Amino acid sequence: MTDLSWLVAQPVAHRGFHDMNKTRWENTLSAFAAAAERGYAIECDVHISSDGVPVIIHDGDLKRLTGQDGFVWQRTAAELATLRIGGTKDHVPTLKEALDLIDGRVPLVVELKGVPGHDAGLVASVGRLLKRYTGKVAIMSFDHWLIRDFAKDAPGIPGGLTAYGRDNQLIEAHFAMLAHDLAFTSYAAGDLPNPFVSFVREKLKMPVITWTVHDQPAVDLTFKYADQMTFEGFEPDLVKVA
C-alpha cells in the first residue's frame, strides 16, 4: 500500500489560502503562494481548456470568477490567462504554473472537474504533468467517469474519490468505486459519520480527508471520524507529525 501519511500531515487549504474572495481569491497563484508560505497542503480544481491544457478554476462557467460569459472548455489556455479573477491582478492559471510555484514545498491535491462531452483528455493531460512533478501530489474527483480513467491515464498518482451523502443510494455508489483502486477519499464533513467512511478508514486503512471545514463543529467531526481537514475562512494550527 502506498504511504499517504503526507496527505494527512497538515491541514489542506481549500482552493489555496484565500480570504473568501475579498482580496486574495480562490484557486489563484496568490492563494497558492500564501498556503505554501504557511506550510499548508493545497487543494485546487482543474478543468481542461479548448486546446487541451489543464487550467485551475472551480466553475465550468466563467461568470462568477472572471465576469465573462461562456465556459472554460470554449477558451484556450492563452485566452484564459488574459482573464482576471475577481478584478484582481491574478489570472486563470495553468496547472503547470501552480506546480512551478509550489515546487514541492507542500503537498498538492488536484480535484478534476468533469464536464460531460467536454473533458476528453483531462485525466491524461493532468497525468502527464504530474508524472514529471517531484513533489507530493494526488488527484481526486466527484466524477466517476474520470476516476475510471485514473489507473490508465495517470498511473502511479494516488487517486481519490470526492464524495458526500449518507443515504443508501449514494453510499452504495461510493462502495462501487472501490473497484477502481482508490487510495483515499475526501468526504463532506457534515455527512460524517457514515458506513462508507468507517469501512474505508477502519477496514481498508485508507486515509480520509474532509471538505470543506469552516468552523469548530466541522473540525471536531473531522478529527473524530476522519484524518485531516480541507479548510477555508480561518487559519488552523499546523499539526506536527513525526
For segment 79-135 and segment 166-182, write down the distance between their C-alpha centroids in whole Å.
27
Amide H of residue 137: which non-local residues (sequence gap of 5 or more, or other chain) have their own amide H closer than 5 Å, using H built in the peptide plane?
108
Place a +1 charge on the Cβ of each Lys and Arg in the chain and a -1 charge on the Cβ of each Asp and Glu, then give the dipole magnitude about the Cα centre in debye, rounded to the nearest 20.
400
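Considering only the chain, what is the antiparallel percent among its DSSP beta bridges, to the nearest 5? Spell out each step's value before the answer.
Working: 6 of 34 bridges.
Here the share of antiparallel DSSP bridges comes out near 20 percent.
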Per DSSP, the loop-located trypsin sites (Lys or Arg not before Pro) within segment 5-52 having at most 11 other beta carbons within 10 Å are 22
Of the beta bridges DSSP finds with both residues in segment 58-172, what % are antiparallel, to the nearest 5?
20
List the pairs from 89/131; 96/152; 113/224 whose alpha-carbon separation is above 25 Å, in the order I gave them.
89/131; 113/224
Low-density loop positions, trypsin sites (Lys or Arg not before Pro), segment 135-242 - DSSP coil, at most 10 other Cβ in 10 Å:
203, 205, 240
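Please give the per residue accessible area of segment 93-207, computed with a probe of 1.4 Å over protein heavy atoms only, in Å².
Averaged over the residues of segment 93-207, the accessible area is 45 Å².
The values are calculated or read from the model by the stated rules, or taken from the named source; none is laboratory data. Computed from a predicted model, the values in this text were never measured in an experiment. Note that each Cβ is placed from the backbone with ideal geometry, even for glycine, and that neighbours are counted across all protein chains shown. The protein model used for the area step is the full one, side chains on, heavy atoms only, and it has no ligands, DNA or RNA in it. Shrake-Rupley method; radii C 1.70, N 1.55, O 1.52, S 1.80 Å.
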